[in-house]
Amino acid sequence: MHYDVVIAGGGFSGAYCARALGKALGQEEGEKRVALIAERNVLVFQPMLAEVVGSSLSATDVVNPLRQFCKGVNVLQGAIQHIDWAKKEITLDGGRFTRNHVVTFTNLVLTLGSVTNLSAVPGMSDYGWPMKNVADALRLRAAMINRLEEANLVEDAAVRRRLLTFVVVGGGYTGVETAGQMLDFVRDAHGFYANLRDTAPRVILIHSRDQLLAEIGPKLGAYAAEVLEKNGVGVRLSTRVAAVTASRVILDNGESIDTNTVVTTIGNAPNPIVLDVCRQLGIEAPQGRVTTLPTMRVAGHDDLWVAGDCAAVPWNDRGELKVAPPTAQLALRQGKILGKNLVLALRGSEPLPFTYRYMGQLATIGRHEAVAEVMGFHFRGFIAWWMWRTIYLSKLPGTLRKLRVVIDWTFDLIFPRDISLLLPPPDEPLRSIHLEQDEQLFACGERCRAFFYLKAGSLLIERPGGEPQVMAAGGVIDQAEAGPDNCWTCTATARERTDVIVFRGRALELLRNDLRLVKRNGG
Ligand SMILES: Cc1cc2nc3c(=O)[nH]c(=O)nc-3n(C[C@H](O)[C@H](O)[C@H](O)COP(=O)(O)OP(=O)(O)OC[C@H]3O[C@@H](n4cnc5c(N)ncnc54)[C@H](O)[C@@H]3O)c2cc1C
């Protein structure tokens, strides 16, 4: 499959770029010439995720199907595994049955945002609940309900108090909004639990800097901290988390907080796919943000464009030259302009520089209160909360979705919050697969995405130019069989009926980085 333009990443900048291209080119031309590669087939409206945690909105309110939103371009669902710049080739993993799908491009648009890396705080990746996508928000909501249910069962006051203590790490937008929503939710839900009358739930917000919401200014940051405290959130400023275990958070001052629920909103890290493209091109991307020209093109590479959180786009903010900050409003605006620029480039015209009239920033802090800085004016309390809802509602794409949100918000004002426990399916760390004789487990050159333990049967391992070897039950295939490019250096085929245990995801990560427990070839 070849496209004139491939947009990598279906977040704000990618989706709005694709939408603008689809509109300008029309369906017939757009679907042939433009592809949007997205890990999931929805655009997530991240600024409203905290409302899903707090049960003010349902998960479907904050997502928009990309196929409807970006009509006129070809949406390809898959996780990008590798971009080969020399071959202008992208390898993506479309799912269990479409692992190594290759797409080629003439122009590449990188809108891959950032990733989360929690390795700096021991225990955080094991016990911290991230807040980045809809599944995270749903899992966190389910975890809060489960803690209330468990606390309602236990008689030990210390255990109950630990179960009812919720810690949020990080005092930026996500942390502040999530802490506010969590407190609203657990306080409202708490009234339905007969055994919890004497123990009130607590939410504690831990922030390493001396002020919350650094993006919005010291006055509003201080106000946010004051209101959160007044409402019952324990705000700890200038405090770092040193480690997290299953039952406590240890702070850098040696103090520890007993809790079974830690939400993490820290650990933003560069997207490795973006860094790899930069490495291939020999360009710099400080903190994972590729410096672009004002048109969002990369200097010296006319066929590479970057926007959103993974780009450092020069921005003339009312006469002051800045780099556009990584926020939703700027990513959205960059996407729109980049779409237009690509149309101009495809038609042989000069692209336009990025322009944006900054409107302001808003953040909710719970209990129908918010802080807002709009066109240089500061607002706080209920009026700011009302502005937050009105502005975000106007930005939400799609009339049906807007209507649903208005209805949900109205119900949220009148009725108690929904405390039904609707758990998303648990992650599957281990899986077993069955192969019949002559079926291939993987082929030489394919990307290594799992390790394998041979439970029963046998495999034929063939290396280019080498003698085929037989692997018997008990054998292990791990990174020793993968090359430096993380691709298999051999082909594995079942010699008979064979059962294999597959280590993927977190299990694979642990094996790859930390464990060497299994023995090679059953030896
Ligand atoms: C919970 C939360 C709340 C927020 N609240 C606010 C707020 O109130 N105000 C504000 O201004 N900003 C807020 N932000 C930040 C804002 O959402 C980002 O600045 C914005 O989303 C950046 O847009 P983007 O297109 O650059 O990246 P993203 O929207 O992050 O999109 C990147 C896309 O790339 C995809 N991707 C990444 N790697 C791969 C891969 N290998 N293969 C395929 N796809 C891939 C991701 O799945 C994602 O869809 C919030 C962020 C979060 C997480």
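Taken together, the values in this text are just the output of simple stated rules run on the coordinates, not laboratory data. Keep in mind it's a predicted model, so treat the numbers as computed, not measured. Counting neighbours? That spans all protein chains shown, and the Cβs are built from the backbone with ideal geometry, glycine included.
Amide H neighbours of residue 451 under 5 Å, counting only residues 5+ apart in sequence or on other chains, H built in-plane at 1.01 Å?
503
Within 10 Å of each residue's Cβ, count the other Cβ atoms and sort 192, 97 from fewest upward.
Neighbour counts put them in this order, fewest first: 97, 192.
Express as a percent, rounded to the nearest 5, the fraction of DSSP beta bridges in the chain (both residues included) that run antiparallel.
Values: 63 of 98 bridges.
Antiparallel: roughly 65 percent of the beta bridges in the chain.
What is the ratio of the Cα radius of gyration of the chain to 2.2 N^0.38 Å, with N the residue count, to two decimals?
On the way: Rg = 25.1 Å, N = 523, 2.2 N^0.38 = 23.7 Å.
Cα-based Rg divided by the globular estimate yields 1.06.
Please identify the GluC sites (Glu not before Pro) of segment 115-179 that satisfy two criteria: DSSP loop assignment and at most 16 other Cβ atoms within 10 Å. Which are they?
Those satisfying the criteria are 155.
Measure out, as a whole number of angstrom, how far apart the alpha-carbon centroids of segment 322-350 and segment 353-425 sit.
The two parts, judged by their Cα centres, are 25 Å apart.
What are the principal axis extents of the Cα atoms in segment 166-262, in Å, biggest first?
Taking the Cα atoms of segment 166-262, the three principal extents are 42, 28, 18 Å.
How large is ³J(HN,Hα), in whole Hz, for each residue of segment 199-208 in order, when computed from phi with the Karplus curve 6.51 cos²θ - 1.76 cosθ + 1.60 and θ = phi - 60°, using x for Gly and Pro?
Rounded to whole hertz, the list is 10, 7, x, 10, 10, 10, 10, 10, 9, 6.
Taking H placed 1.01 Å from N in the peptide plane, check which residues at least 5 places from residue 312 or on another chain put their amide H under 5 Å from its amide H.
The answer is 290, 291, 292.
Provide the gained length on full extension for the span residue 276 to residue 303, in nm with one decimal, where the gain is 0.36 nm per separating residue minus the Cα-Cα distance.
Values: separation 27, 0.36 × 27 = 9.72 nm, distance 1.66 nm.
Extra length from residue 276 to residue 303 when fully extended: 8.1 nm.
Given the rule -39500 (n - 2.57) for each run of at least 4 DSSP H residues, summed and divided by the residues of the chain, what is its mean residue ellipticity at 222 nm, to the nearest 500 deg cm²/dmol? Before the final figure, lay out each step's value.
Numbers: 14 runs with 161 residues, N = 523.
When only DSSP H runs of four or more count, the value is -9500 deg cm²/dmol.
Counting other Cβ atoms within 10 Å, which GluC sites (Glu not before Pro) in segment 255-339 have at most 14 and lie in a DSSP loop? Don't skip to the end; give the middle numbers.
Working: sites: 255, 284, 320; in loops: 255, 284.
Of the GluC sites (Glu not before Pro), the ones in loops of segment 255-339 whose Cβ has at most 14 other Cβ atoms within 10 Å are 255, 284.
Compare the Cα positions of 76, 253, 458 along the charge dipole of the chain (+1 at Cβ of Lys, Arg; -1 at Cβ of Asp, Glu; about the Cα centre) and return the one farthest towards the positive end.
Farthest towards the positive end: 76.
To the nearest 20 debye, what is the magnitude of the charge dipole of the chain about its Cα centre, counting +1 on the Cβ of each Lys and Arg and -1 on the Cβ of each Asp and Glu? Each step should come with its number before you reach the end.
Working: 58 positive and 55 negative charges, 185 e Å.
Once rounded to the nearest 20, the dipole reads 880 debye.
Whole Å is fine, so just give me how far the alpha carbon centre of segment 24-61 lies from that of segment 196-272.
The distance from the Cα centre of segment 24-61 to that of segment 196-272 comes to 30 Å.
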